[in-house]
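The values are calculated or read from the model by the stated rules, or taken from the named source; none is laboratory data. These figures come from a predicted structure and were not determined experimentally. When we count neighbours, we look across all protein chains shown, and the Cβ atoms used for this are built from the backbone with ideal geometry, even at glycine.
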Amino acid sequence: MSDNIIAHAEQVTKIYPGTVALNKVDFNIYEGKVNVLIGENGAGKSTLMKILAGVEQATSGRILLKGQEIAPRNPREAEQLGIGIIYQELNLFPNMNVSENIFVSHEKTLGGVVIDHRAQEKKAEELLRRLEQPISPKTLVADLRIGQQQIVEIAKALALEVQILIMDEPTSALSNAEVEVLFRVIRELKAQGVSIVYISHKLEELMQIGDYITILRDGNLIAESPLEDVDLKWIVDNMVGRDASKTYEPAPHDIGDVILSVKNLTLPAPHGKDNILDDVSLDLRAGEIVGLYGLMGAGRTELFECLMGLHPYHATEIMLDGKKMQSHVVSDRIDQGIMLVPEDRQREGLVQTLSIHDNMILASLQHYLARLLSLNAKKEQDAVRQYVHDLSIKLSNTRNLISSLSGGNQQKVVVGKALLTNPRVLLMDEPTRGIDVGAKEEIFNIMVQLAQQGLGILFVSTELKEVLAISDRIIVMSKGRVIREFSREEATEQALVEASAVGHGVAAAH
Amino acid sequence: MIKAKNDMSHLDGQTTQNSGLAVIGKILVSMRAFIALFLLLGYFAIVNDSFLTQSNLVILTKQVAINAILGIGMTFVILTGGIDLSVGSIVGLAGMVAGALINEGLILEIFGIVIYFNVWIVIAITLIVGMFIGLVNGVIITRFNVAPFIATLGILYVARGLALLSANGATFPNLVGSVELGNTGFPELGAGSLLGLPYSVWIMVVLTILAVFIARKTPFGRQVYAIGGNERAAQLSGVRVKRVTLLTYVISGFCSAMVGLIIASQLVAAHPATGETFELNAIAAVVLGGTSLAGGRGTVFGTIIGAFVIGVLRNGMVLEGLSSFLQIIITGVVIILAVVIDQLQVRLQQRQ
């Protein structure tokens, strides 16, 4: 290979309690090229990037930069080595203006004491002009659109004059025109010799901009190749595993009558013009597993939250089991028979300070009431034991803290908590995110068994393989709208990817 | 019922391994308030002969009861991740309410009459006033999204102002009532005793039992812990976060009013400045008892121990004739030490 390797990760392993996030991964960054890193959620992309950027430290393995071993202990050290990162989540201070954000912790000063606002603003204006954004450097970041904020984030990285720039899904919040500008800037940076690491889920996009591609799956390096030598099919195959779709064959389950019916649900954005959810209608039958597929910002999580009564949406009608759902109180919805297994286990699913037992019964406390408003300890224990057994949760004692469990078992506790409310419909948001392969299959089995018992299951996943493997029916969403429905038979990876890109411009041309 | 087939990954087994030393260390750290209490008791018992006398212990527990009762309410608030700075002012206001009702009665100007209530009704009204102030705290915090620190700081001023306003800064003296008006007996609350223990101590015992029951045995208690641990997860689990949070301030208001009654009764007078800085003592008791100011972790019983630690420390230092200025310094050091150890425990748990 003729291109120079500027940085090289060698046998990098990262172990979190309960999961191996990276397993002896090698990764090359070619100088002055766009190095695409791709893989499904939980494949280890972000972990690898965090190690490069000094946010996390590898458990074992080493990183070489121009032949020198480096081990940045924090982002500042990484920056000094010339490695910058643009995170997927925005890391801006909304209470400060654009130029202050761009130069935060790298302030231009007069004599090392006073901030030279004029110099900062001048430089900021220059950077923004390069990004073709007519944003005044004095604008408060809070007053910018999300897409513009992303541009500021990019300007911030450019201001550092790094030699390696990591971009973690930089386009997820950008409009098509903004994406074009970003690509132009990336080409410009390349010409200046900056090496880019580019993470994205949007396949068409990275076919357009990438030079090299590296594919991770479940923490392992799967393949690396120059992009000109490969096609979309090769990428998808490697990403999800060869012929991986539909290898999981769910046990047969009978599909009954419509149990949940949503008609014309619209959720307006708080400030912006586009609706977060736009006229969404769908049906779910008893015993049916329906997968919701879509890219980030498709509105899947928001749909679930609306169904739990969390947002002020408009809908013609939402019926559960023949009854209208009207109350916006979560506990009323749960009583009616709908329950959510949230996307982010740590942030939304579990109370870290509580025991396994207390987490599991949190949503169904009123089921164990005895005299004097008190809880019947035996009833509680029986219920918890039952589900620990049924879900085969591996634990030594239900009174231990929830954090003593592995990711997969924690997820099962969240599922157990939901099942203890006796739901008719279960909403599962990324139910297998961040858990290992064995546990994933267990979660699949649980879903199928629940369907066999007549529960309707609506689940969200960004993992193609997962959606294809387990769904009886697949609904694809994009930008808040339902784009298409696929039956299990007619669904293919290609078709789902294409449908999910509707409205995303760059890909829609195909 | 469902049943999953696959066996779990081998990684699980590793997490519960722990060396014996670490276990003992952990137990010692988690029982630190208890240990501190016994060390203090032992120390003062040895160095001062009058410490273990019955009369001193009664004085000691009477002092502790005040702080402990406030601490009980404060524990619920802090468990949700909040704080209640208004308790001291509610103590003062409650005393004034009771004092006014006994000495001056309820004046209904429109009808030109004055109603004097039976002491039991005076107590009930005072407690309701305390709960109402707590309710106001709760409404400001949960409905208007004001930070608990700010909301209760504001109410601290408002309640103190009301207490001062009620008698133009003066004291309601001699709260004995009169036989003709049928409102005698108020001083009995502070002066009376049962089985050798003052009523205030019994109130502390009963409230402690009740609070432990609520915290451990009722859905409300569990939900308080859940909110403090992860409000979002609690909300998604159907916990009525606002309602539960609001209730904790009502409980705190109730406890404060109870203390206000006890003190007014003990002094047989209601002074509007009563209870100043009591909120800080209550918070100190809660924190010493191992409750995390971040919410979600802690126990009512720990708070009681914490209140005893402070009480024993103060009482012992007084008996030893330590300068009262030095006493304040030592109390401060002990509180900081307790929180440092608290952080240590959190880190130990995370490492596990």
Margin query: I'd like to check which helices (runs of 4 or more DSSP H) are fully inside the range B:215-305 and have at least 1 residues that are more than 15 Å from the chain's Cα centre (by Cα) and within 14 Å of chain A (Cβ to nearest Cβ).
Written below: B:219-229, B:231-236, B:241-267
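Yes or no, residue by residue, for (1) surrounded by 19 or more Cβ atoms within 10 Å (Cβ to Cβ); (2) of a type in the set (D, E, K, R):
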site: A:K138; (1), (2): no, yes
site: A:G193; (1), (2): no, no
site: A:S200; (1), (2): yes, no
site: A:I209; (1), (2): yes, no
site: A:I215; (1), (2): yes, no
site: A:L221; (1), (2): yes, no
Notebook entry, point to check: How about the range A:363-383: which of its residues are of a type in the set (A, V, I, L, M), facing another protein chain (nearest Cβ under 9 Å) and assigned to a helix (DSSP H, G or I)?
Noted result: A:A363, A:L365, A:L372, A:L373, A:A377
Check: Based on what the data block shows, is A:V55 touching a residue at least 12 places away in the same chain (Cβ under 8 Å), surrounded by fewer than 21 Cβ atoms within 10 Å (Cβ to Cβ) and either under 20 Å from the mean Cα position of the chain (by Cα) or closer than 30 Å to A:S404 by Cα (or both)?
Finding: yes
Note to self: For the structure I just gave you, tell me whether A:K394 is over 23 Å from the mean Cα position of the chain (by Cα) and in a loop (DSSP other than H, G, I, E, B).
What the structure shows: yes
Next item on the list: Scan A:V12, A:V36 and give me the residue that is in a strand (DSSP E or B) and under 26 Å from A:L128 (Cα atoms).
Entry: A:V36
Checklist line | Residue selected from the range A:303-334 under the condition in contact (Cβ under 8 Å) with a residue 60 or more places away in the chain and outside any strand (DSSP E or B), by the criterion nearest to the other protein chains (Cβ to nearest Cβ) | finding: A:I334
Check: Quick check, is A:G287 buried (at least 16 other Cβ atoms within 10 Å of the Cβ), at pLDDT 85 or above and assigned to a loop (DSSP other than H, G, I, E, B)?
Finding: yes
Item checked: Which listed residue is of a type in the set (V, I, T), in contact (Cβ under 8 Å) with a residue 60 or more places away in the chain and farther than 19 Å from A:K66 by Cα, from A:I196, A:I154 -> A:I154
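Let's see how each residue does on (1) in a loop (DSSP other than H, G, I, E, B); (2) closer than 22 Å to A:S478 by Cα; (3) more than 20 Å from the chain's Cα centre (by Cα):
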position: A:L189; (1), (2), (3): no, no, yes
position: A:M207; (1), (2), (3): no, yes, yes
position: A:S225; (1), (2), (3): no, no, yes
position: A:V236; (1), (2), (3): no, yes, no
position: A:E249; (1), (2), (3): yes, no, yes
position: A:H253; (1), (2), (3): yes, no, yes
position: A:I259; (1), (2), (3): no, no, yes
Checklist line | Residue satisfying all of: in the range A:476-491; outside any strand (DSSP E or B) and among the basic types (K, R); nearest to A:E463 (Cα to Cα) among these | finding: A:R488
Margin query: Where the second residue is surrounded by fewer than 15 Cβ atoms within 10 Å (Cβ to Cβ) and hydroxyl-bearing (S, T, Y) and the first is without any contact (Cβ under 8 Å) to a residue 12 or more places away in the chain and within 15 Å of B:V309 (Cβ to Cβ) and lies in the range B:46-72, which pairs have Cβ atoms under 6 Å and are six or more apart or on separate chains?
Written below: none
Check: Any idea which of A:S406, A:S396, A:S471 is crowded, with 19+ Cβ neighbours inside 10 Å and at the interface with chain B (Cβ under 8 Å from one of its Cβ atoms)?
Finding: A:S406
Checklist line | A:E430 being more than 29 Å from the chain's Cα centre (by Cα), more than 9 Å from chain B (Cβ to nearest Cβ) and among the charged types (D, E, K, R) | finding: no
Check: Hey, among the residues in the range A:15-43 that are within 14 Å of chain B (Cβ to nearest Cβ) and in contact with a strand residue (DSSP E or B) (Cβ under 9 Å, 6 or more places away or on another chain), which one's modelled with the lowest pLDDT?
Finding: A:V20
Item checked: Residues located in the range B:41-53, provided they are over 25 Å from the mean Cα position of the chain (by Cα) and either at positive phi or assigned to a helix (DSSP H, G or I) (or both) -> B:G42, B:Y43, B:F44, B:A45, B:I46, B:V47
Item checked: Flag for A:E343 being in a loop (DSSP other than H, G, I, E, B) and either surrounded by fewer than 20 Cβ atoms within 10 Å (Cβ to Cβ) or within 11 Å of another protein chain (Cβ to nearest Cβ) (or both) -> yes
Margin query: Among the residues that make up the range B:278-286, is at least one of them in contact (Cβ under 8 Å) with a residue 12 or more places away in the chain, of a type in the set (S, T, N, Q) and touching a Lys or Arg at 6+ places or on another chain (Cβ under 8 Å)?
Written below: no
Item checked: Unique match (being assigned by TED's automatic domain parsing to the domain that holds A:V330 and at pLDDT 90 or above) among A:A451, A:A439 -> A:A451
Check: Which of (1) touching a Pro at 6+ places or on another chain (Cβ under 6 Å); (2) more than 8 Å from chain B (Cβ to nearest Cβ); (3) surrounded by fewer than 24 Cβ atoms within 10 Å (Cβ to Cβ) does A:E348 not meet, given it meets every other one?
Finding: (2)
